[in-house]
Structure formats: structure tokens, C-alpha cells
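Everything below concerns the one structure shown next.
The values are calculated or read from the model by the stated rules, or taken from the named source; none is laboratory data. All values reported here derive from a predicted model rather than from experimental measurement. Cβ atoms come from the backbone with ideal geometry, glycine included; neighbour counts cover every protein chain shown.
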Amino acid sequence: MATNEHKKLANTVKSFHESLRHLSQQEGAQKAWKEHLKQSGRLKEYANAMHQLAKIWEDNTTREGLLAKSRIKWTIEFCLAYFYTEHIYLEKRAREQRLLGSWFEFDCSQCHYMENVPEKIKVLDVGSCFNPFAKVPYFEVTSIDLCPATDDVLQGDFLNIQIKSMKNPKVGLENNVVNYLPAMYYECVIFSLLLEYMPTSEQRINCCCKAYELLKSEGILVIITPDSDHVGKNAALMKNWRYTLGCLGFMRIRFEKLPHITCLVFRKAIDSRVPERWSILHKESYMDLSIEIPQDSKTKKVAASFGEKGKT
Ligand SMILES: C[S@@+](CC[C@H](N)C(=O)[O-])C[C@H]1O[C@@H](n2cnc3c(N)ncnc32)[C@H](O)[C@@H]1O
């Protein structure tokens, strides 16, 4: 049972997302985003609310009888299995090689492999808020957020951060704000409840393209998205995500629906032609290059009804 405090925090977060969506609808995405970034007081209020909510959620995951599952533990366990204990990356590599064989006659001239499994996984946690992965012993974490809730998170707007190829990779800081990140440096990028914050599909695609540039070959993008519906309700949206990320060079390698969240993992394929071909072959008539979330259709309906009212 949610307490009053819990409900209050959840409302702060929800209404914050709604007002950004509304602003974006009214002013256009770019202008709205610029205005949004200026609202430092509201951003701070949101960061504190999100931090407290996450603590309550994590607490609930350890209580018997509650369905809550930890997105943090799920992510850590998958990374461990992928790189170290189950070597999932090898299984997925072999699958891509098989597909390369049947679609491109084993032409491996464009293939890139992870050179060796790192001692510590270089993780970029985007929209980190409170640095939940900081203490994982086999992670070396860079965490960024628009408005960090804790001091160990770097401030930065991922949508506007540049990505640079560098001989000596480093995070570029100016006045303590991240302005560039090293290309093809990370083994894992995490978007935990990040994409839903962005009001438009274009902004979400921008984030995924950036993740692709930042990852090494065979690195993974972990996406955790909120979803309290049953697994079938958003199946078409999820298939469209898979199609779109395929067009960007990612193979989906894990899909798991847990109570209230869906956990997805996309892998930067050894050769981007493999996921691209996969997407072409599996494209259904309703699919397009977009990353939509259920709230988008509500926004469209509201906008349409305002449009109708405006005509009368
Ligand atoms: C719903 S919270 C999720 C926090 C945390 N990852 C978790 O799973 O609990 C979304 C976070 O993304 C951050 N965020 C949204 N857009 C961002 C951007 N363009 N760059 C960096 N952080 C962003 C917000 O400030 C917020 O802290």
C-alpha cells in the first residue's frame, strides 16, 4: 500500500513529466527544452522527489508479499551474466556471425569485436539522479544528470553533450558541467527511466544514437522503462522500439517484463548490417523510425481535442 508521502512524491514526478510534455506541445521541443533547463528550482525539487521515491521502491523490493522488483539489481545481474559468468556476449556474437553468414556470405570485413573482457565494466549511467551503481565492485561508473541529486553525479545534458574520438579518452568538463564524452569507450550505457522524461520520440532517438557512438563494439545499452500494464498491452510499441534500434545498429538481446517495469538490453552488433537487415525483414506495416511511449498517444489525443475545440 502506498503511503501518503509515497503518493505525494509520485505526483511530483508525474506532474513534472506532464508539464514538460505540455510545454513541448505548445512551444515546440527545442524551445521547451531550453526553458525547462532554466527552471533550476523545479529540477531540484524533482531530483529530491525521485531520489526518495527510488529509496522507497528499493525498500519495497526486499519486503515479502510486494511485487516490486529492483531495476538496479536486475541491471547489475544482467551485466555480470553478459560479461563474466555466462559469457552471453559470446553466444550473441555467434548468432550475429551465423546471420552474417546467411545474409552477407560471411563477409566480415566490417566486423568489430570487443578486444577483451574488461576487468571492470566502464558504465555510463545517463539520468543517474543518485548514482545507484556507484558501489558495484566490477563497475567503473560515470554518472550524469541534468540535475544531480547527489554530489557524486556529474551535471550534464545528454541531449547536448558532444561525443569525441580521443587518443586518451576522458570526460570533458567546463565549469563542472560535462560538455563532451569519449566515443567508443564504454562497455555499458544505462538509461534507467530516462527515455520517458523526454517529451518527443526524436529526443529519445537522439539519446539512443549517442549511446551507439559511446559504446564499444559488443557493448550494451540497458533500457529500463516503466510499465504497469500486462505484457501484451504495449507489445506493438515494444516491437517498434526493436525495429528502430535495429535500424540504428543494435540487436535486442533481452526483454523481460517485471511488475511495473520492462527491462530491455540492446547490443552494439559486430556489424551494423546485421540488425539493419533484421529490422527490414521484420518490419510490419505499422512500424516506423520512432521511439514512442504510451503517454505520447494521450498527448496527441489531448492536442487533437484542443484543436477540435478551437474550430468551434
Ligand atoms: C525518472 S528519473 C530516473 C532516475 C534513475 N535513473 C532511476 O532509475 O531511478 C530520470 C532522470 O533523468 C534525468 N535526465 C532527463 N533528461 C536528461 C538529459 N538530457 N541529460 C541528463 N539527464 C537527464 C532527470 O534529471 C532525472 O534525474
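Out of the strands (runs of 3 or more DSSP E) lying entirely within the stretch 122-232, which hold 2 or more residues that are touching a Cys at 6+ places or on another chain (Cβ under 9 Å) and under 25 Å from MET251 (Cα atoms)?
139-145, 186-192, 215-226
Scan the stretch 113-166 for residues that are basic (Lys, Arg) and either within 12 Å of the ligand (Cβ to nearest atom) or in contact (Cβ under 8 Å) with a residue 12 or more places away in the chain (or both) and jot them down.
Of everything in the stretch 113-166, those that are basic (Lys, Arg) and either within 12 Å of the ligand (Cβ to nearest atom) or in contact (Cβ under 8 Å) with a residue 12 or more places away in the chain (or both) turn out to be LYS120, LYS122, LYS164.
Near the ligand (Cβ under 10 Å from one of its atoms) and buried (at least 17 other Cβ atoms within 10 Å of the Cβ): does that describe LEU181?
So LEU181 fails the test.
Residues that are hydroxyl-bearing (Ser, Thr, Tyr) and within 14 Å of the ligand (Cβ to nearest atom), at least 2 per element: which helices (runs of 4 or more DSSP H) completely within the stretch 34-109 meet that?
In the stretch 34-109, the matching helices (runs of 4 or more DSSP H) lie at 40-61.
So GLU96 passes all but one of these: (1) exposed (fewer than 14 other Cβ atoms within 10 Å of the Cβ); (2) touching a residue at least 40 places away in the same chain (Cβ under 8 Å); (3) more than 30 Å from PRO259 (Cα to Cα). Which condition number does it fail?
Condition not satisfied by GLU96: (1).
Exactly one of these conditions fails for ILE190: (1) more than 16 Å from the ligand (Cβ to nearest atom); (2) in contact with a strand residue (DSSP E or B) (Cβ under 9 Å, 6 or more places away or on another chain). Give me its number.
(1)
I'd like the residue in the stretch 70-101 that is hydroxyl-bearing (Ser, Thr, Tyr) and at pLDDT 95 or above and, out of all such residues, is nearest to ASP227 (Cα to Cα).
Per the criteria, the residue is THR75.
Looking for whichever is in contact with a Leu (Cβ under 8 Å, 6 or more places away or on another chain) and modelled with pLDDT of 95 or more here; the options are ILE144, ILE121. Which one fits?
ILE144
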